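First up is the structure itself, then whatever we jot down about it.
The values are calculated or read from the model by the stated rules, or taken from the named source; none is laboratory data. Remember, it's a predicted structure, so these values are computed and weren't measured experimentally. Don't worry about glycine lacking a Cβ; one is built from the backbone with ideal geometry, like all the others, and counts go over all protein chains shown. Surface areas here come from the heavy atoms of the whole protein model, side chains and all, with no ligands, DNA or RNA. Shrake-Rupley method; radii C 1.70, N 1.55, O 1.52, S 1.80 Å.
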Amino acid sequence: MKIPNGHQIIEEFEKWSPKYLAMEGDPIGLHVGTLNKKIERVLVTLDVNEEVVDEAIAKGAGLIIAHHPPIFRPLKNLQTDFPQGRLMEKLIKSDIAVYAAHTNLDVAVGGVNDLLAAALGLQNTKVLVPTYEAELVKIAVFVPETHEEAVREALAKAGAGAIGEYESCSYTLSGTGRFRPTNGANPYIGEAGKMEVTAESKVEVVVRKNEKDRVIKAMISAHPYEEVAYDVFTLENKEIAMGLGRVGTLNTPMTLAEFAEWTKQQLDVPALRVVGAPDTVIKKVAVLGGDGNKYIQQAKRSGADVYVTGDLYFHVAQDAQDIGLNVVDPGHHVEKVMIKGVMEHMSKQQPTWQCEFLPSETNTEPFRFM
């Protein structure tokens, strides 16, 4: 097992939650420190405050992956007499890097909103607010049958072959390859100056266009030939839209009062706010992690019986009431589901790394319920 450096860890993370999924202006990415170092422990947290940094120090973490960016607005100064400056000073002196994945992790398949939907037991989920639809290309590569599986695995590991809720999708055709190496060639099969005929496979995969170069690089690295023959085709069909929030159905209908209690239990909150009549029957649910004030109209248009989101403003709650939209507000901190989600995803993706992904045990919820 090898100890990865920070770049390798983030490269793997961004295969799942790429930066291009983030909303415009969202300050994601590396906020503090360097990734150019070996990292044996990563602390995963919702927020970064001084208590979380102390926890990272105590646990020997060289990297913190957070959902909420610690530098959300540009800093005017970095005075260490004040909390923000003191936090940055402690991170730098302790050589702890901080990487933030915010709305890109909200949008990602298996990210924050999928984790919330799963926690609530929603079935047949769809995107609530589409924000991204990728252009697709198809890569077709010709490879000797002996290396077909290795190349196919390399393509899948690089993110090729993702179609909706399916991954590692590919199609293979068997055929015959013909080529004559020149005198300057160093062929894997055959001899210079002689015509070679060999059994080959044609492996086809679908790839997001903005991930094409990375996938081709991985494919070439796994391929035995000196010169790799492959084609890239532009596709007219689009990827299923990705975006913020999810809409799904409950297996068993509940009243709004029962659903509110269910939400408290499933999202581990001591209290929440509710808009709507307690006896209203709930079957279809929209959920959007964090501040969902801007999206009550989308929730209503989705046909949801209730909208689960945080930080609801007073007047937005009135607007929801006016349009007949029930709302359950369990707060912003329910996005803590990302801690377990990120930790499990990263540990599963790289089982050969000598690197631990540790869940933060610091409660960063600022509110106390009396």
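For residues in the range 154-177 being at pLDDT 95 or above and not small (Gly, Ala, Ser), which is least open to solvent (accessible area, probe 1.4 Å)?
This residue is LEU155.
Would a scan of the range 216-233 turn up a residue that is under 18 Å from the mean Cα position of the chain (by Cα), surrounded by 18 or more Cβ atoms within 10 Å (Cβ to Cβ) and at pLDDT 95 or above?
no
Give the residue, chosen from GLN265, GLN318, GLN297, that is free of Cβ contacts under 8 Å to residues at least 12 places away in the same chain and under 22 Å from VAL112 (Cβ atoms).
GLN265
Residues of the range 25-42 being touching a Pro at 6+ places or on another chain (Cβ under 8 Å) and either without any contact (Cβ under 8 Å) to a residue 40 or more places away in the chain or open to solvent by 80 Å² or more (accessible area, probe 1.4 Å) (or both), which ones?
Of everything in the range 25-42, just one residue is touching a Pro at 6+ places or on another chain (Cβ under 8 Å) and either without any contact (Cβ under 8 Å) to a residue 40 or more places away in the chain or open to solvent by 80 Å² or more (accessible area, probe 1.4 Å) (or both), namely LYS38.
Out of VAL342, VAL274, report the one residue that is part of a strand (DSSP E or B) and either touching a strand residue (DSSP E or B) at 6+ places or on another chain (Cβ under 8 Å) or at pLDDT below 95 (or both).
Checking each option against the conditions leaves just VAL274.
From the list GLY290, GLY331, pick out the single residue that is open to solvent by 10 Å² or more (accessible area, probe 1.4 Å), at pLDDT 95 or above, on the phi > 0 side of the Ramachandran plot and of a type outside the set (Asp, Glu).
That would be GLY331, the only listed residue that is open to solvent by 10 Å² or more (accessible area, probe 1.4 Å), at pLDDT 95 or above, on the phi > 0 side of the Ramachandran plot and of a type outside the set (Asp, Glu).
In the range 346-366, is there at least one residue being out of contact with any Pro (no Cβ under 7 Å at 6 or more places or on another chain), part of a helix (DSSP H, G or I) and crowded, with 18+ Cβ neighbours inside 10 Å?
yes
Condition check: among the hydrophobic types (A, V, I, L, M, F, W, C), at pLDDT 95 or above and over 20 Å from GLY292 (Cβ atoms). Does ALA140 satisfy that?
For ALA140, the condition - among the hydrophobic types (A, V, I, L, M, F, W, C), at pLDDT 95 or above and over 20 Å from GLY292 (Cβ atoms) - is met.
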